[in-house]
Structures are given as structure tokens and as C-alpha cells.
1. Please report the equivalent ellipsoid semi-axes of region 152-244, computed as sqrt(5 x eigenvalue) of the Cα gyration tensor, largest first, in whole Å.
2. About the Cα centre of region 215-254, what is the dipole size in debye to 20, counting +1 per Lys and Arg Cβ and -1 per Asp and Glu Cβ, all else neutral?
3. So what's the Cα pair-distance distribution over region 252-308, bin width 10 Å, in %?
4. Taking Cα pairs under 8 Å and at least six residues apart, what relative contact order does the chain come out at, in percent?
5. Quote the charge dipole size of the chain about the Cα centre in Debye, to the nearest 20; the model charges only the Cβ of Lys and Arg (+1) and of Asp and Glu (-1).
6. Rounded, prolate or oblate: pick one for region 5-165, where a ≥ b ≥ c are the square roots of the eigenvalues of its C-alpha gyration tensor, a/c under 1.5 means rounded, and failing that, prolate if a/b is larger than b/c, else oblate.
7. Taking neighbour Cβ counts within 10 Å as the exposure measure, how do 58, 273 sort from fewest upward?
8. Students often forget the sequence filter, so: which aspartates and glutamates lie under 17 Å Cα-Cα from residue 354 once same-chain residues fewer than 8 apart are removed?
Amino acid sequence: MFVSIRTKLIAISVLTMIASATALVTLALNEHERLFKQAISQDLLALSNNLATGMIEHFSSTPVDEFAISTQLLQLDHYPYIRYALVLDKNNTLIQPYVNPDFFSPKIIKEIEAAIDSGKVEKLPFNQVNIDPPYLMLRQSIGDSGYPVGTFVISVDYQNQIHTSQELFLSKVIPVTIAIIITIIILFIWLQSSLIRPLIKLKNLVSQVTQTANYQLKSEHSGNDEIASLAGSINKMLNTINQEKQENTKHTNTLIEQQQKLTLLANYDPLTHLPNRKLFLEKVDNMLTNDNLSFAILLLDLDDFKTINDTLGHTNGDKLLKQIAQRLSDCVSKDCTLARIGGDEFAIIIPNAKQANDLIYITQQIFSVFTTSFALNKWQISTSVSIGIAFNQGNQIQLHTLLSNADIAMYKAKANGRNQYVIFADSMSEQQQRRLQIANAIDQALIENEFFIVYQAKVSPTKGAIAMEALLRWKSPTLGFISPAEFIPIAEQSGKITDLTTWLINNGFQTLKQNKALANCIISFNLSTFDILKPSFLNSLIDKIHQYEISPNLLEFEITESIYMENFILANLFIKEIKALGCHIALDDFGTGYSSLSYLTQVSADTLKIDQSFIHNLQRSDKDRQIVEAIIRLAKTLNLTVCAEGVETDAQYLILKQAGCDFIQGYLFSKPLESHLISDQINKINQQLNLYTIN
């Protein structure tokens, strides 16, 4: 509740005056009481002294003249404040009592008897007034104080006398005090009103400014006092606020524009101007809150976009993405939401979609977008798209589950050959569940030593089995035997592949120190992208070579062609460090990736490994045979060793031998074996080579 300063000042003033008047009256009453006690004590001393002196002659007779004493005590009737008096002999035996008729009662008789019996009277000092609230008592000696003949005791009710006197005093003082207070209050109110009126005007001005936000209003008060100074300060403040308000308006408009730009940046892709991943997820989440709403989401991933990006450069890759976004926007209806959620990933929300038939038209439209090539400067680029589809049919599916389903379906479309769509099915979720089980089991499998190593021979037609490839295998007590083709990609995606590689190298080096057959062979270990990109792995590898005292020229590390080309600079730096130790480098799966001759001239590898996909058709396909022979001739020209993978028949072996292939690897000579079987297998391979030589 609002209370004005004027009201507060008046209230404080009134309370102060009342408190002051009350304090003065209280002090006056206390002083009055003190003076009254002093006066009555003096009167009592004089009275008792006179009476005690007059009683001396009555004690001279024998027996004591009680009648005369009683007559003398009747003089006390003139003193209304005296309650009773006692005359005692020198043995403190009561001779004659006196009780004022105004105070006479059984109670006072008992009080007198109790005072005598308890010895209270004897304890009172002579000739001195004692306060026993609300009474005064005086014990006066009769006769010489050294040899008194008796004792005279008086009890006085001083409290009632004081109250009577104070009431009389107050009856005269209070009306005068009230009149003075009222007069002062009236005068004070008048003075305050005169002084505070300008302040009230200033308060009204401030209230008006607050209500209207008009900072151009001004106070008209003038003068040379503090209020005038305050009015001037308020005028200056209002002027400053008005200027700042104008500046703030400009800044606010600028901030609004910037906020709009930030909103666009936060919710829209700056390249294609489509909704980004954040806005897409918010829209999907909002639609999921409506349990009865059915819709589908399509995840689109461009096929081989990375190849286009790396070949033509990121600038042309961005141009391609803009063209694709424009074509997709043209074929998607207004009630759908098209978004770019990643580098080469797009997503579409299709409302009211409940089954596959509802998506036939839109999928045909999307695929038709990619039937026509895209013009990038002087190039005509063709590409395709893989689509994963997941439905929400009001079954309260979670956002991350719906997106995961679409993602699983999209990767299934890529695995099926790309340029197609796949609708998520529960069986795919089971496959994904197995992937998660495998990913989660890797760490424990490393601890429990569930992994083991097998070695497959690399056979030189002239020197025999002089090299081996160390291959990782996994047999889980709960998941059974897990193929490397299954767990290696999962380990790479989950970021655990370096742990597997480290385990393989550490245990492989231990075996080399213990197995004499392996100690005389060149041993190959496969490395992943994550291994060569992690500096700590290289340091660890060098430490292991020194720790186990392995001869570096007996170690070879295999890197796939795609890994090398995708990370060319970092891969070259890694390989230079490895080769500086004296180790060998093999370029694995050659022919399945980039196969760029310009890159090949810069590769620091020692060996090319021809992928087994070219070996399988050597006998049936002249084209594959010519490719293999061309790779071997090219390698020889570049002083590279050649190893052919997946050799399974005598005919394949003879063709490769005749073409000058340095090493043969495959089931023809040996399947991957554990280390304790290697020695016998080497002997068998050498015997098999002798038969080929004889024949």
C-alpha cells in the first residue's frame, strides 16, 4: 500500500512528540514520588521523635502507664496515612498498640502479631525509615538510644498517598500537555505541507512519465533550495533517458535484424536454405507429440558424393548440393518438409503416410530428379541416391528410435546396391541389435582374450612360404564365431578398431618371439584409417617394436587403397615414419578404390595386393586377366612387389606365375591357421611347389 512522505513525516512527528511528552510526564511522576517519599520520611521521623520523647515519663512509673500511652497514641488519628503504631518495652514486649480506624481489619491484626512473633520488629534499625513496599516502617527508641526504655514502631501506607497525589498532579498536567501537542501538530502539519508540496508535484511528474513513457516532460519548479536542485537533476535525467531511448530504439532494431539472421542460421542450412537438422528434429518431435498423427520420414544419402567432392573439389560439390536441393524442392509438395541434415544427407517428412503405397509417387519423383545429369562448369555429373523410410503410425515411437529406423533402412538400401529405397522392418532392428551387442562386447572380449590370431601364407613361386599375414579372429562364448567382415566395420564405427589393432600387434609380436617358423617370415598386419590418423598409435607401435626386439625388415603393414587415398597427406606422413624404421608397406585391395595412376606415383608403398575380385575370373574373363597382367607390369615398372589374393586353383596360380606375380595368397596353398600349425604347413607348401616345378 502506498504511503506518502508527508503522511510518514506527520506520523513520525506525532509519535515523537507523544513519546517525548510521555517521557517527561514519566520523569515528573518519578521525581514527584521521590520527593514525596523524602518528605513523608522526614515528617515520620519528626512525628515519631516527638511521640517517643513524650512517652519517656510514662515509662518511669511502675507499672508503665498504659492509659497515658494509649491516650498519646490517639494523636495519630490526625494522620490518615499511618496504618498502625506499636509501643514495646525494652524486651520488645507489646505494651500498647494503635490501629488507624481506616485500616482496622483482622488482616492488619494478624500482620502486627506476625511482625512481633517473627522478630521482624527487632530486626529494624533504630531511628531509620525502612521501605517495605507498599509501606514505610520506622523503629524509634524511647529514651536514650544507648539505653532505651522502650521502642516505638510506626507503619505508614505511603503508596496510596503517592497515588492520590499523582492523580491530582496528572489531572492538572495532562490537559495542558495535550493542548500543547495538538498545537504543535497543527503547526507542524502546516509547515510540512508547505515544504512537501513541490515534492508531490515532482512525484506526479515521475508518475506521469512512467505511465506515458514521455521523457520530454519537464518540471517547472524554480528556486535556490534543495527541491529546486532535485527538480533540475530530474529534468537532466529525463533528457538523458530520452536520448538513450532513441539510441536504444536504433540498437533494438539492429538486434531484431540480427536475431532474425541468427534464427535463420540456427534453423536453416546456409548453403541450400533448407531447414537444417535442428529444425527438422524439432518438427518431427512436435509431430510425435500428436499420438494420432501418422507420417513417414525419408532419409536420403547421395551415393559416392565423397568421390565427386574429392575429384572435383568442395566448391563444385557445394554447387551440386544446391542443384539437388532445388530439384528436390520442386518435386516435394508444400505440406511436406524437406531438410538438409548433413553433408550429403537430406530428409523429408511426409504427413498422412501410413503405408508403402502412400510413398510410391514421391519416391518416383525423387529418383526422377537424378535421371538427368547435373551441369557443373564443363562437367556433366551423374549421381544417385539411397533412401531409408520409417513410419510413425501413432504408436508413440521415440524420436531417436524413428530416426534410427530410417537410418538403418537407408544403410540397407546402400548395402543392396544403392539407387533404391528400403522401408524399415523389425528384422532390420534385430540386425542393428546384433551390431550393438557386438560393439558392446568388444571391450570385454579384449579383457577375456576371446580374440585369437591366425596366419595365412604368402607364397613365392621361387622361394616358398616366406611371408605370412596375421589375421584377427573372434569366438565369443555368447555370440559364437563372429566373422571379421562383421566385427571389423562395427569396431571402426564404434571407435574401437585401434584397440583391436593394438591387441593384434602386441599378441602377434609375442608369438613371433616364441615361434621359430614365424620368426623367419615377413609378417603382415592390417591397419585401419583410425590407426594411421592417431599419433599415439604410431608411438605405441614403435615402442612395441623396440620392446620385443623385432627386426623391422620382417614387418609389413597393410593399408587399403581407399584409406590411403582418402587421407593421402596423413597416410604418407605415417608411412614415411614406418619406412624410416625399416618396415614394409603394402597397398591392400588394389583396383577396388581410386586406382589413380597419378596417386600411385606418389605412394610410398613396397607392395601392391591385387584384390581377389580380379583373381576369381582369371580363367573365364580375358578382361580381368588383362587387368591383372597390366597391374603386375605397372608394379614392376614402379619397382613394387605384387601379391595376388584369393588364389584357389592351379590354373590361377600358373597364370599369375607366368605374369611375374611375386606372391600368391589363398586357399590353394593354405587357409589361415593358428601359429602352432604354421611349421608343418610351410613344409607342405614347399612340397606342393616342388610338384608344380616337376610338372
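1. Values: eigenvalues 719, 40, 24 Å².
Over the Cα atoms of region 152-244, the semi-axes work out to 60, 14, 11 Å.
2. Details: 4 positive and 5 negative charges, 48 e Å.
Roughly 240 debye for region 215-254.
3. Whole-percent P(r) values from 0 Å outward: 18, 32, 31, 16, 3.
4. On the way: 911 pairs, mean separation 48.7, N = 695.
That works out to 7 percent.
5. On the way: 56 positive and 68 negative charges, 433 e Å.
Here the chain has a charge dipole of around 2080 debye.
6. Working: a/c = 3.25, a/b = 2.92, b/c = 1.11.
Since a/c reaches 1.5 and a/b is larger than b/c, the shape of region 5-165 is classed as prolate.
7. Values: 58 22, 273 14.
Listed from fewest to most nearby Cβ atoms, that is 273, 58.
8. Cross-link targets: 291, 335, 426.
FYI, it's all coordinate maths here, none of it is from the lab. None of these values were measured; they are calculated from a predicted model. As a convention, Cβ positions derive from the backbone with ideal geometry for all residues, glycine included, and neighbour counts pool all protein chains shown.
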